[in-house]
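Down below is the structure, laid out as structure tokens.
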Amino acid sequence: MTRNDLCWCGSGKKYKKCHMDFDEKINSMKFSFLKGQTRPPHKLINNEKDIEGIKKSGVINDGVLDLMAELIKPGVTTEELNTAAHEYITSHGAIPAPLNYGNFPKSICTSINDVVCHGIPSKKVVLQEGDIINIDSTTILDGYYADASRMYIVGGVCLPNAKRLVEVTKECLEIGIAAIKPWGWVGDIGAAVGAHARSNGYSVVTDLGGHGVGKEFHLEPFVQHTGKKETGMLLAPGMVLTVEPMINEGKRYITVDEKDGWTARTKDGKLSAQWEKTVLITETGTEILSS
Ligand code: MF3
Ligand code: CO
Ligand code: CO
């Protein structure tokens, strides 16, 4: 690509006025093989139009999670939550990404107590007072994905240990996002999250993690929620990724339900919590696109 070509990002601008300095900066950087440092491929860099698209999808996705706050009550089934979410998403012109994704049968994930993630909504699952539940929603609008999840306490009150887990996991998410710096490294996120979780006596799920998101549901890089600073992929402006720590009260090990192939539970049966946001890396910091 030469100076006067159109930029590879699809902005329609000349390369020299768009990502030429960006490429030069990356080409001049040293990447440590020992730290597993890698360059982000161009497909992970979103242009203004892409960012607007993800942001619009995120507005609908946040609406789903707001709606769930109104509906979650003792006696409600997770099937009812799924139906309401599906109707909200489709009536706003979007598509629920989970539905039929790798045979996932529903439009949101509903993960209660010891369920770490990927719980499947069902008529048989009735919310009980004091349950902690994660609702994970991903919408697709005009081809753009926005992915976020929140924890809810059924009936508003739960045991103190459950409440502390939910709160500390939220802190883990915020601390992980605060660790994201343009021209930093993906490992900075896990280093910050892991330290906070462990200092509170919790463990971090390592089998699953965050991911690049935007024009596809799951892109590089894999975002670990524990690990070492300055390792992994370079974080460059225009990248969009999720931070979604899964934090366990007991050990970090999980098992996936053999029958449904999806529901991930803690091996020891203890509680797990998760919060997720879709985060854009900007020239100066970060911007939340869905939460
Ligand atoms: N939303 C989840 C994530 O944060 C993925 C769910 S996959 C599904 O990456 F098929 F279970 F929906
Ligand atoms: Co999600
Ligand atoms: Co995600």
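If I filter the range 145-154 for residues that are touching a residue at least 24 places away in the same chain (Cβ under 8 Å) and over 18 Å from the mean Cα position of the chain (by Cα), do I get at least one hit? Please lay out each step first, then the result.
At the first step, the residues of the range 145-154 found to be touching a residue at least 24 places away in the same chain (Cβ under 8 Å) are 145-152, 154.
Add one more test, that the residue is over 18 Å from the mean Cα position of the chain (by Cα), and what stays is 154.
Yes - at least one qualifying residue is present in the range 145-154.
Which condition from (1) in contact with a strand residue (DSSP E or B) (Cβ under 7 Å, 6 or more places away or on another chain); (2) within 14 Å of ligand 1 (Cβ to nearest atom); (3) not in a loop (DSSP other than H, G, I, E, B) is the one that A162 breaks?
(2)
Which condition breaks for G187 when tested against (1) surrounded by 18 or more Cβ atoms within 10 Å (Cβ to Cβ); (2) touching a helix residue (DSSP H, G or I) at 6+ places or on another chain (Cβ under 7 Å); (3) not acidic (D, E)?
(2)
Would you check if T266 is farther than 30 Å from S32 by Cβ and more than 16 Å from ligand 2 (Cβ to nearest atom)?
It is true that T266 is farther than 30 Å from S32 by Cβ and more than 16 Å from ligand 2 (Cβ to nearest atom).
For the condition surrounded by fewer than 18 Cβ atoms within 10 Å (Cβ to Cβ) and over 19 Å from V213 (Cα atoms), what is the one hit in G143, G130, G119?
Of G143, G130, G119, the one residue that is surrounded by fewer than 18 Cβ atoms within 10 Å (Cβ to Cβ) and over 19 Å from V213 (Cα atoms) is G130.
Is one or more of the residues making up the range 25-41 touching a Ser or Thr at 6+ places or on another chain (Cβ under 6 Å) and closer than 26 Å to L289 by Cα?
Kept after step one, since they are touching a Ser or Thr at 6+ places or on another chain (Cβ under 6 Å), are these residues of the range 25-41: 35-36.
Subsequent filtering for residues that are closer than 26 Å to L289 by Cα retains none.
Checked against the condition, which is being touching a Ser or Thr at 6+ places or on another chain (Cβ under 6 Å) and closer than 26 Å to L289 by Cα, the range 25-41 yields no hits at all.
Taking the condition basic (K, R) and either part of a helix (DSSP H, G or I) or surrounded by fewer than 21 Cβ atoms within 10 Å (Cβ to Cβ) (or both), does K106 pass? Please lay out each step first, then the result.
Numbers: basic (K, R): yes; either part of a helix (DSSP H, G or I) or surrounded by fewer than 21 Cβ atoms within 10 Å (Cβ to Cβ) (or both): no.
So K106 fails the test.
Restricting the range 210-234 to residues that are away from ligand 3 (no atom under 15 Å from the Cβ) and without any contact (Cβ under 8 Å) to a residue 60 or more places away in the chain, which is farthest from T139 (Cα to Cα)? Walk me through how you get there before you give the answer.
From the range 210-234, those away from ligand 3 (no atom under 15 Å from the Cβ) are 226-234; that's our starting set.
After this cut, where a residue has to be without any contact (Cβ under 8 Å) to a residue 60 or more places away in the chain as well, the list is 226-227, 229.
Values: T226: 27, G227: 29, K229: 31 Å.
Among those that are away from ligand 3 (no atom under 15 Å from the Cβ) and without any contact (Cβ under 8 Å) to a residue 60 or more places away in the chain, it is K229.
Among the numbered criteria (1) surrounded by fewer than 19 Cβ atoms within 10 Å (Cβ to Cβ); (2) touching a strand residue (DSSP E or B) at 6+ places or on another chain (Cβ under 9 Å); (3) under 14 Å from D147 (Cα atoms), which single criterion is violated by V64?
(1)
Based on what the data block shows, is L173 in a helix (DSSP H, G or I), within 16 Å of ligand 1 (Cβ to nearest atom) and within 27 Å of A85 (Cβ to Cβ)?
yes
Any chance you could count how many residues in the range 73-100 are within 15 Å of ligand 2 (Cβ to nearest atom) and in contact (Cβ under 8 Å) with a residue 60 or more places away in the chain?
Number satisfying all stated conditions: 1.
Got a sec? Which of N103, N134, N113 is touching a residue at least 60 places away in the same chain (Cβ under 8 Å), under 30 Å from C158 (Cα atoms) and more than 14 Å from the chain's Cα centre (by Cα)?
On the way: N103 fails: under 30 Å from C158 (Cα atoms); N134 fails: more than 14 Å from the chain's Cα centre (by Cα).
After applying the criteria, what remains is N113.
Is it the case that some residue within the range 131-142 is assigned to a loop (DSSP other than H, G, I, E, B), more than 13 Å from ligand 2 (Cβ to nearest atom) and under 26 Å from M239 (Cβ atoms)? Walk me through how you get there before you give the answer.
In the first step, residues of the range 131-142 are kept if they are assigned to a loop (DSSP other than H, G, I, E, B); the result is 131, 142.
Subsequent filtering for residues that are more than 13 Å from ligand 2 (Cβ to nearest atom) retains 131, 142.
Remaining after also requiring under 26 Å from M239 (Cβ atoms): 142.
Yes - at least one qualifying residue is present in the range 131-142.
Quick note: the coordinates plus some simple rules give every number you see, no bench work behind them. As the structure is a computational prediction, the values presented were derived from the model and not from experiment. Virtual Cβ from ideal backbone geometry, glycine too; neighbours counted across all protein chains shown.
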